[in-house]
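Participant: A single structure is presented below for examination.
Bear in mind these aren't lab numbers, they're just calculated from the coordinates by the rules spelled out. Everything numeric here is computed off the predicted structure, so don't read it as measured data. Cβ coordinates were reconstructed from backbone atoms using ideal geometry, including for glycine residues, and neighbour counts include every protein chain displayed.
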Amino acid sequence: MKTAEETTTSRPKFNGGWPEWFHHHGMKMSVVAPSSLNKPAVTIASNAAKVIIKEAFEGRPKEKREWFVNWEVARFRPYDEVVRGRRVFSSEELAAAFGITTDSGDHGQWLIDRYGGESAEQELYIRYGDFLNIPCPGTGNDGDPNVSIFITDEIRDAVFNLLEAAAKLISAN
């Protein structure tokens with residue numbers, strides 16, 4: 001991962017109050033199921049989208065903890081038209097995506113250069129301030145297969161607590 005000093009930030013073009021690659025429904029996302037010691041997962045949702053972050057590959061060494069980031073974007077509910085996706089994030093990538101750190105992925109600078117952002121990793125996320133898209137920038141219009149999240153303190157804290165709980169489990173073993 002690149003640090004903030006190694007990453008060049010680029011201000012994206014804005015469409016109203018957010019980057020043009022961000023969909024306005026991302027402003028409605030909130031934590032609906034925070035992590036607990038018994039259930040290390042976080043669910044962030046609105047009426048149009050849902051993101052579930054949970055531990056991936058439970059049998060792997062705890063030092064190399066990775067996370068499934070699953071998302072679903074509703075297209076037309078009466079027909080159950082949805083777009084779903086899943087990517088695997090390292091703990092470092094998850095922290096950077098949700099603005100807990102200012103690191104950026106080794107393969108994210110070209111996304112920042114082209115679309116504007118502060119932190120990015122190809123095929124995982126792009127973030128500018130508190131505006132996050134998973135797994136990539138979009139058009140900002142309906143029909144994009146990616147999910148937008150405006151990172152509130154509640155969302156950032158939920159992801160931070162998930163990562164902290166995982167770190168405590170590592171040190172306890």
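Participant: Express the relative contact order of the chain as a whole percentage, based on alpha carbon pairs under 8 Å and six or more residues apart in sequence. Working shown, then result.
Facilitator: Details: 374 pairs, mean separation 46.5, N = 173.
Normalised by residue count, the contact order of the chain is 27 percent.
Participant: Summing +1 for each Lys or Arg and -1 for each Asp or Glu, what net charge is found among the other residues whose Cβ lies under 9 Å from the Cβ of Asp106?
Facilitator: Working: positive: Lys2; negative: Glu121.
For residues surrounding Asp106, the net value is 0.
Participant: Continuing with this model, one more query. Go through the range 122-134 residue by residue and turn each phi into a ³J(HN,Hα) via Karplus (6.51, -1.76, 1.60, θ = phi - 60°); whole Hz please, and just put x for glycine and proline.
Facilitator: Coupling constants for the range 122-134: 3, 6, 10, 6, 9, 9, 10, x, 9, 9, 10, 10, 10 Hz.
Participant: Can you find, among Phe14, Ile52, Gly108, the residue sitting farthest towards the positive end of the charge dipole of the range 4-172, where Lys and Arg contribute +1 and Asp and Glu -1 at Cβ?
Facilitator: Ile52
Participant: Same structure, new question: For a quick check, take a GNM of the chain with Cα springs below 10 Å and name the residue from Arg87, Arg114, Arg75 with the largest mean-square fluctuation.
Facilitator: Arg114
Participant: How big is the range 100-173 by Rg and Dmax over its Cα atoms, in Å?
Facilitator: 14.2, 46
Participant: At 0.36 nm per residue, and after removing the present C-alpha to C-alpha distance, how many nm does the segment from Val83 to Arg156 gain when stretched out fully? Kindly include the intermediate steps, with their values, before the conclusion.
Facilitator: Numbers: separation 73, 0.36 × 73 = 26.28 nm, distance 2.43 nm.
Answer, rounded to one decimal: 23.8 nm.
Participant: Could you tell me the distance between the Cα centroids of the range 6-23 and the range 79-96, to the nearest Å?
Facilitator: Here the answer is 20 Å between Cα centres.
Participant: Related question: In terms of the Cα gyration tensor, with a ≥ b ≥ c the square roots of its eigenvalues, is the chain rounded because a/c is under 1.5, prolate because a/b exceeds b/c, or oblate? Intermediate results must be reported in sequence, preceding the final value.
Facilitator: Values: a/c = 1.86, a/b = 1.18, b/c = 1.57.
Judged from the Cα gyration tensor, the chain comes out oblate (a/c at least 1.5, b/c at or above a/b).
Participant: Dipole size in debye (nearest 20) for the chain around its Cα centre, Lys and Arg Cβ +1, Asp and Glu Cβ -1?
Facilitator: My answer is approximately 440 debye.
Participant: Quick one: if you stick a label point 7 Å off each Cα along the C-beta vector at Ala165 and Lys64, how many nm between them?
Facilitator: Simple spin-label model gives 2.4 nm for this pair.
Participant: Can I ask one more? Please build a GNM for the chain, connecting alpha carbons under 10 Å apart, and tell me which residue among Ala120, Ala95, Ala33 fluctuates the most.
Facilitator: Ala33
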